[in-house]
1. In the chain, which whole DSSP H runs stretch at least 24 Å along their own axis (Cα) and average -0.5 or higher on the Kyte-Doolittle scale?
2. Subtracting the Cα-Cα distance from 0.36 nm times the residue separation, let me have the gained length for Leu90 to Ile126 in nm, one decimal.
3. Multiplying the sequence separation of Ser137 and Trp191 by 0.36 nm and subtracting their Cα-Cα distance, what value in nm do you get?
4. Which loop trypsin sites (Lys or Arg not before Pro) in segment 280-316, with loop taken from DSSP, have no more than 13 other Cβ atoms within 10 angstrom of their Cβ?
5. I'd like to know which of Leu284, Phe18, Val40 lies farthest towards the positive end of the charge dipole of the chain, counting +1 on Cβ of Lys and Arg and -1 on Cβ of Asp and Glu.
6. Got a sec? Charge dipole of the chain, +1 on Cβ for Lys and Arg, -1 for Asp and Glu; which of Leu110, Ser188, Asn304 is way out at the positive end?
7. Using DSSP to call loops (not H, G, I, E or B), can you name the trypsin sites (Lys or Arg not before Pro) in segment 85-177 whose Cβ has at most 12 other Cβ atoms within 10 angstrom?
8. Any idea what the relative contact order of the chain is, in percent, if you count C-alpha pairs under 8 Å spaced at least 6 apart?
Amino acid sequence: MNSARSLEMAMETKNSFFQNIKRQKYAYLLILPAMIFVFVFSYLPLAGIILAFKDFDIIKGVINSPWVGFDNFIAIFTYPNMLRAIKNTLIYGCVILFGGFPFPIILALLFNELKNMRFKKVVQTIAYMPHFLSWISVIGLFYTFLATEGAFNQIMAWLIGSGYIAKNPLMSEQHFLPIIFLSHLWKSVGWSSVIFLAAIAGIDPTLYEAATVDGCGKLKQVWHITMPCIKTTVIIVLVMSLGTLVNTNFEQVYGFQNVYTQENTEVINTLIYRQGIQNGKYSLATAFGLAQGFVTLTLLLVSNAISKKLYETSIW
């Protein structure tokens, strides 16, 4: 009796699923190219994970290369500069995530207070534009700006005077992290503010009207109305961003590195590229990437569980 009922419910669910597809066929057709793209470039390559457990030989191919078990994963932690790369990755990731996270929220709050719509649109457009530049373009701009004959040194010479000696901050390890942080902030802060601006736009205006009647100023309205209303969005964005702690932007770090800074500024991604791809150690590179992905997934699951426990907010 129960099994027959379960089968009947399963058939009803199946029929309703296909009926929904038929009813929403144009919507599904619209997202079909994106689904194909994700399947081809995100799911099909997962078959290559087996390289992490093999000693890949390009002559023998993937199938015929010998299995080595977890030897590649053991080799990761005995690799030269690996501990330094892990340390740098965590430091850069923490500074970029936690140091830069408040700025899009602050920018969204400032945008929300602009009353002149024409000026607001101009400022928003200027803030969003760096997002559409490739990292190689941003790096080129920074190299030009910070060059010894560039605008940075000219401004410093004008401020300090004739005693100033021109220097290029990109040639110093001490300046590497600030440059990484500032370039990331300049490129992403405008675009990252969009989601918070959308959350603010969904707040009921009568809350602000009531607060104004009660004598609340702008700062109190932001603290007691705006921030609590966008708390869910802030938490979800933070949880989804925690994976970047072990996954720094390869293009950015690799582009800013040079012969003067490379040795002490390696991160996991650049080490994977140099030792795994450039040196032809594809199995080791795959093991690097798989371990990194596992840590990222663990961070996401743990942070989501903590968020659900403390704030009753989660991404699923």
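Values in this text are rule-based calculations from the coordinates and carry no lab data. Nothing here was measured: the structure is a model prediction, and the numbers come from that model. Note that each Cβ is placed from the backbone with ideal geometry, even for glycine, and that neighbours are counted across all protein chains shown.
1. Within the chain the helices that satisfy the rule are 176-201, 282-311.
2. My answer for the length gained is 9.8 nm.
3. Stretched fully, the Ser137-Trp191 segment lengthens by 17.7 nm.
4. none
5. Ranked along the dipole, the leading option is Phe18.
6. About the Cα centre, the residue reaching furthest to the positive side is Leu110.
7. Details: sites: Lys87, Lys115, Arg118, Lys120, Lys121, Lys167; in loops: Lys115, Lys167.
Filter output for segment 85-177: Lys115.
8. Reported relative contact order: 26 percent.
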